[in-house]
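**Q** Structure provided below as structure tokens; questions to follow.
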Amino acid sequence: MQRLKPEYTTRAVTLIAVGAVLLAAHRAAHWWFSRFVLTNKRLMLIEGVLTRRVAMMPLLRVTDMSYFQSPTGRVLDFGTFHLESAGWRGPLRRIADLPHPNELYLRIVEELYEPAAVEARLGASVAGAVQEALYGPPLVNYDGWLAVEVADEDGPVAVSPGRRFALYPARSYRVTITIAPFPAGGISEPLVVTGGVTDNRVRFEVEIDSDHAALRRTAAALPAWHDRASSTEFTLGPFSEDDRLSGSPWLWVRVAQGRRTLQSIELEADLVPGDGERG
């Protein structure tokens, strides 16, 4: 018996190994690009790597259905479906290696026997998605207070019961905004959010708006908790003639969650000539 030369043996082993790798890659690609689609009217199987093949079966034609999981399938969570249909033959009679077979089986059964429940659930999901797209994520419940304090270079600034305070354009001011489960001093208003979800941490956005552009401040994030206070601070002034302050400017301190304004506190500034030096 004539033996193969070593170089031929090496080439044969290499060819077999390359062929096995290519076959495994093809099967993996075939599984990766295949899609099993369930709609309210039909089942569809889309297969192929270089070429595509689409098979379809009306959902009403399905008379019986089962799935099988091997020990490997139970570990990796995939299974093979067997569909029975009167007078129907095609690739959809056996569908191999579908992921999450138990969940898929229950969904198909629900679509077959309780389509109204599926439509109601999907309708609620779509409505929720539209609501979130228009107004942001769901609100987070909160029961507390919003407080605003004004201070200048020398300390707290008096705010009248009518929520007016003296504003010297040459001075610098700090507007401190506090969200707390209790009245935190200064001017306080209840801040209550209901009908949303419950979370330990609530993310608010606070901003200062005004009828004068020089007094406006863009929104800043202010995380809040149900058991302690949290604050943020905005700086106003000093102002120049280019800021064009005149009359009695209004300031609105606004608190929002996900683009929805929840509470606001309104202040009016009385412009006072000079630098407000205290003697």
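**Q** Looking at this structure, is Leu251 free of Cβ contacts under 8 Å to residues at least 60 places away in the same chain, closer than 19 Å to Ser188 by Cβ and open to solvent by less than 20 Å² (accessible area, probe 1.4 Å)?
**A** Numbers: free of Cβ contacts under 8 Å to residues at least 60 places away in the same chain: no; closer than 19 Å to Ser188 by Cβ: yes; open to solvent by less than 20 Å² (accessible area, probe 1.4 Å): yes.
Judged against the criteria, Leu251 is not a match.
**Q** Out of Glu277, Glu233, Glu241, which single residue is acidic (Asp, Glu) and at pLDDT 95 or above?
**A** Numbers: Glu277 fails: at pLDDT 95 or above; Glu241 fails: at pLDDT 95 or above.
Being acidic (Asp, Glu) and at pLDDT 95 or above holds for just one of Glu277, Glu233, Glu241, which is Glu233.
**Q** Of the numbered conditions (1) modelled with pLDDT of 70 or more; (2) out of contact with any helix residue (DSSP H, G or I) (no Cβ under 7 Å at 6 or more places or on another chain), Leu112 satisfies every one except a single condition; which is it?
**A** The number of the failed condition is (2).
**Q** What number goes with the only condition from (1) in a strand (DSSP E or B); (2) more than 25 Å from the chain's Cα centre (by Cα) that Leu191 does not pass?
**A** All conditions pass for Leu191, except number (2).
**Q** Now for a separate question. So, of the residues in segment 150-176 that are without any contact (Cβ under 8 Å) to a residue 24 or more places away in the chain and assigned to a loop (DSSP other than H, G, I, E, B), which turns out to be surrounded by the most Cβ atoms within 10 Å (Cβ to Cβ)?
**A** Val157
**Q** Just to check your reading of the model, which residue among Asp270, Asp242 is open to solvent by 60 Å² or more (accessible area, probe 1.4 Å), of a type in the set (Asp, Glu) and either over 16 Å from Phe165 (Cα atoms) or in contact with a Ser or Thr (Cβ under 8 Å, 6 or more places away or on another chain) (or both)? Spell out how you get there, then give the answer.
**A** Numbers: Asp270 fails: open to solvent by 60 Å² or more (accessible area, probe 1.4 Å).
Being open to solvent by 60 Å² or more (accessible area, probe 1.4 Å), of a type in the set (Asp, Glu) and either over 16 Å from Phe165 (Cα atoms) or in contact with a Ser or Thr (Cβ under 8 Å, 6 or more places away or on another chain) (or both) holds for just one of Asp270, Asp242, which is Asp242.
**Q** Now a separate question. Would you be able to say whether some residue in segment 58-75 is small (Gly, Ala, Ser), surrounded by 13 or more Cβ atoms within 10 Å (Cβ to Cβ), modelled with pLDDT of 80 or more and in a helix (DSSP H, G or I)? Write out each step before concluding.
**A** Start the filter on segment 58-75 by keeping residues that are small (Gly, Ala, Ser), which leaves 66, 70, 73.
Filter once more, so that each one left must be surrounded by 13 or more Cβ atoms within 10 Å (Cβ to Cβ): 73.
Now restrict to residues that are modelled with pLDDT of 80 or more: 73.
Add one more test, that the residue is in a helix (DSSP H, G or I), and what stays is 73.
Within segment 58-75 (the criterion being small (Gly, Ala, Ser), surrounded by 13 or more Cβ atoms within 10 Å (Cβ to Cβ), modelled with pLDDT of 80 or more and in a helix (DSSP H, G or I)), the answer is yes, since at least one residue qualifies.
**Q** Of the residues in segment 14-43, how many are part of a helix (DSSP H, G or I) and in contact (Cβ under 8 Å) with a residue 60 or more places away in the chain? Steps first, please.
**A** Of the residues in segment 14-43, the ones part of a helix (DSSP H, G or I) are 14-33.
Within this subset, residues satisfying the condition of being in contact (Cβ under 8 Å) with a residue 60 or more places away in the chain are 31.
Counting residues in segment 14-43 that are part of a helix (DSSP H, G or I) and in contact (Cβ under 8 Å) with a residue 60 or more places away in the chain gives 1.
**Q** Check segment 241-263 and report whether any residue there is farther than 14 Å from Ala147 by Cβ, in a strand (DSSP E or B) and touching a Pro at 6+ places or on another chain (Cβ under 7 Å).
**A** no
**Q** Also, quick follow-up: Provide a single number: the residues in segment 207-228 that are within 20 Å of the chain's Cα centre (by Cα) and surrounded by 13 or more Cβ atoms within 10 Å (Cβ to Cβ).
**A** Looking only at segment 207-228, we keep the residues that are within 20 Å of the chain's Cα centre (by Cα), and these are 219-224.
Then drop every residue that is not surrounded by 13 or more Cβ atoms within 10 Å (Cβ to Cβ), which leaves 219-220, 222, 224.
Counting residues in segment 207-228 that are within 20 Å of the chain's Cα centre (by Cα) and surrounded by 13 or more Cβ atoms within 10 Å (Cβ to Cβ) gives 4.
The values are calculated or read from the model by the stated rules, or taken from the named source; none is laboratory data. All values derive from a computational prediction rather than experimental measurement. Positions of Cβ are generated from backbone atoms using ideal geometry, with glycine treated the same way; all protein chains shown enter the neighbour counts. Keep in mind that these areas ignore ligands, DNA and RNA; they rest on the heavy atoms of the full protein, side chains included. Shrake-Rupley method; radii C 1.70, N 1.55, O 1.52, S 1.80 Å.
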